[in-house]
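What follows is a set of notes on a single structure, which appears directly below.
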Amino acid sequence: MTVSFLLNGKSVSLDVPPNKRLVDVLREDFHLEGARPGCYAGECGACTVFVNGELTHSCLVPVFAAQDTDIITYEGLADTQEMKYILAGFDAVHYHPCANCRQSRLLTAYALLTTHPVPERREIDAFFSGHRCGCSSMGELYTAIEQAVDMRRRSGRHGRR
Ligand code: FES
Ligand code: FES
């Protein structure tokens, strides 16, 4: 089957088995490895990408369902100013999620901070409710997010790319 969609702002098409999971298509066919295969069951969040602006577990999306969608991966956001604040905030408090979580946490933080410039902790909880993390705490994540907000505030910007 030929499937076409927007990927990080570019139109792409590929011939692919229709039920191949989107996370595998991104990694194997497009070499975008920020979305990681973890549980393959919609529980860990490691495979998170944006599909039509919504945080989505790409392990649960057969590629045929991605036809004509707009997909953005971590790689598509890595050079945005908002992501630079997030990275700086994480670094400043030495919050370094392991490879399993890192890009999905950054992408989810991006989704949070571009819609909630100064999020409350319950909003952080809501955005990260689709993530299961075995080796860092919510306390560390709160501190890192709050530091990213502070980085942006000190730069004089107030959200969005
Ligand atoms: S691999 Fe998709 S949620 Fe775990
Ligand atoms: S599983 Fe390692 S930081 Fe989340």
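Things worth noting here:
- Our Cα-only numbers for the range 2-73 put the radius of gyration and Dmax at 10.7, 29 Å.
- Other residues with beta-carbon under 14 Å from the beta-carbon of G38 carry, at +1 per Lys or Arg and -1 per Asp or Glu, a net charge of +3.
- The convex hull drawn around the Cα atoms of the range 78-155, when projected onto a plane and averaged over every direction, covers 4.6 nm².
- Nearest-ten-degree value, helix 138-155 long axis tilted from longest Cα axis of the chain: 80
- In this structure, D150 and D70 have a Cβ-Cβ separation that, at R0 = 35 Å, corresponds to a calculated FRET efficiency of about 0.65.
- Working note: Karplus 6.51/-1.76/1.60 with θ = phi - 60° gives the range 100-108 the couplings 4, 9, 3, 5, 5, 5, 5, 5, 5 Hz, where Gly and Pro are set to x.
- Extension gain from S129 to L60, taking 0.36 nm per residue of separation minus the Cα-Cα distance: 23.2 nm
- Quotient of C-alpha Rg and 2.2 N^0.38 Å, computed over the chain: 1.03
- The chain: calculated mean residue ellipticity at 222 nm from DSSP helix runs of at least 4, using -39500 (n - 2.57): -10500 deg cm²/dmol
- Footprinting exposure proxy for T2, T80, T143, T48 (fewest neighbouring C-beta atoms within 10 Å first): T2, T80, T143, T48
- Likely footprinting exposure, E28, E140, fewest C-beta neighbours within 10 Å first: E28, E140
None of the figures in this text is laboratory data; all of them are computed from the coordinates on show. Just so it is clear, the model here is predicted, and its values are computed rather than measured. With ideal geometry, Cβ positions are generated from the backbone for all residues, glycine too; neighbour counts draw on all protein chains shown.
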